[in-house]
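Structure record follows, encoded as structure tokens.
The values are calculated or read from the model by the stated rules, or taken from the named source; none is laboratory data. What you see is a predicted model; the values in this text were computed from it and never measured. Just so you know, the surface numbers come from the protein's heavy atoms only, side chains and all, with ligands and any DNA or RNA stripped out. Shrake-Rupley method; radii C 1.70, N 1.55, O 1.52, S 1.80 Å.
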Amino acid sequence: ILMGSKSSAGMLFSALDTLIMENNVVVNDSTSSKEILMMDATKVGYFVSDYNHWYSRNRAWNNWAGTTDQTFVTWQSLGYDTHSQNSVVNFANSWGTNIADYMLSSGLNTGIDLSAYFTTDIRGVTRPQSASWDVGALDSQ
């Protein structure tokens, strides 16, 4: 879960060998006009992004290698995040101070199985608790 609130991009990546982003929740709740994602495609060797939940309040979706103001649909047409959501993220208590405050009411059973990498959520609860993996760091119980 990443929540940006300052005058910068939600996420900024450059000069990476490999980046795999799956089952993440990314919120850019900035009141300024900044992208949710900035990346220079020429400086990332291997990139996969899917099964995520994205939300950006005040800006076009991303800045990809200097191409600004792309929509989420344009991003998907490039082959990224074809199974992802792009809508308001509903946390139990946004900006709360406890892990449970970031339990989602959306994105349930919409993630991809990542058990090859880990089998518990951030609290140590075994994943998945239902038929499929949830998006985000917390698995619903």
In terms of the alpha carbon gyration tensor, root eigenvalues a ≥ b ≥ c, rounded if a/c is under 1.5 and otherwise prolate when a/b exceeds b/c or oblate, the range 81-137 is oblate
Quick tally, 1.4 Å probe accessible area for D17, D81, sorted with the most first, runs D17, D81
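Want the number for V88 to Y117: 0.36 nm per residue separation, take away the alpha-carbon distance, what's left?
Length difference between fully extended and current span is 7.6 nm.
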